[in-house]
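Below is one structure; the comments refer to it alone.
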Amino acid sequence: MKPRHQKLAATFVGALCMVGVALAAGPAKTSKAKPAADQRAPLVLLDHERHLVLEEMRNFLAVLQTITDALPREDMKEVARAARTMGSGAANEIPPATVAKLPNEFKVLAGGVHTSFDLIALDAESLGDPKHTVSQVAEMLQKCNACHGIYQIKVGKDVRAKIRTN
Ligand code: HEC
């Protein structure tokens, strides 16, 4: 327990130092404190479609939790099993009518995440190297972050026709 506490304390002190540096630097000159609006591109979906997409997102997170739980135990079978549930072979629960509303870039990014899960599963089985898996997970998280930086979901009427003209 002790080393963990020391680590936490060090992190806390580190955070305090950063706050101190920020305060010493004075108020940022480049950005005026104005509550920023969400500038990310809206994906306009029906309420139940939003639910499906967000459910898939929560499944991503749940599987990552299972993987990060299994890694310190070096339980690579569990890593592979969990990753495969989110791989490209997994049943896609998003219906085609909803998929049709999603921009291509979104689909490419989403496909990239599923492919990453495929690779994580394959390598966990064939290499059985937890460190390698961790680096694959980190790389995949960049894809999660990339998409989250671009899109938000809005609930609205069926605007498929409008999106198709884009
Ligand atoms: C192709 C785009 C895309 C990818 C890739 C993606 N997400 Fe998301 N995710 C979204 C969007 C869009 C939202 C809704 C954001 C909003 O409306 O503010 C979201 C929301 C979420 C949420 C919130 C769910 C809720 O119930 O509110 C979680 C958690 C999440 N994503 C996890 C992940 C994880 C983990 C990954 C990677 C394994 C990932 N996402 C990859 C697009 C993506």
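The values are calculated or read from the model by the stated rules, or taken from the named source; none is laboratory data. Just so it is clear, the model here is predicted, and its values are computed rather than measured. Ideal geometry is used to build each Cβ from the backbone, glycine not excepted, and the neighbour counts take in all protein chains shown.
General observations
- Of all the listed residues (Arg73, Arg84), the sole one being more than 8 Å from the ligand (Cβ to nearest atom) and exposed (fewer than 12 other Cβ atoms within 10 Å of the Cβ) is Arg73.
- When region 98-129 is limited to residues that are more than 11 Å from the ligand (Cβ to nearest atom) and among the charged types (D, E, K, R), the one that is modelled with the lowest pLDDT turns out to be Lys101.
- The single condition among (1) part of a helix (DSSP H, G or I); (2) surrounded by 12 or more Cβ atoms within 10 Å (Cβ to Cβ) that Gln65 does not satisfy is (2).
- Subset tally (residues that are exposed (fewer than 13 other Cβ atoms within 10 Å of the Cβ) and either under 21 Å from Thr66 (Cβ atoms) or hydroxyl-bearing (Ser, Thr, Tyr) (or both)) for region 107-126: 1
- When His148, His132 are checked against the criterion of being part of a helix (DSSP H, G or I) and within 13 Å of the ligand (Cβ to nearest atom), His148 stands alone in meeting it.
- The one condition in (1) surrounded by 13 or more Cβ atoms within 10 Å (Cβ to Cβ); (2) within 13 Å of the ligand (Cβ to nearest atom) that Val79 fails to fulfil: (2)
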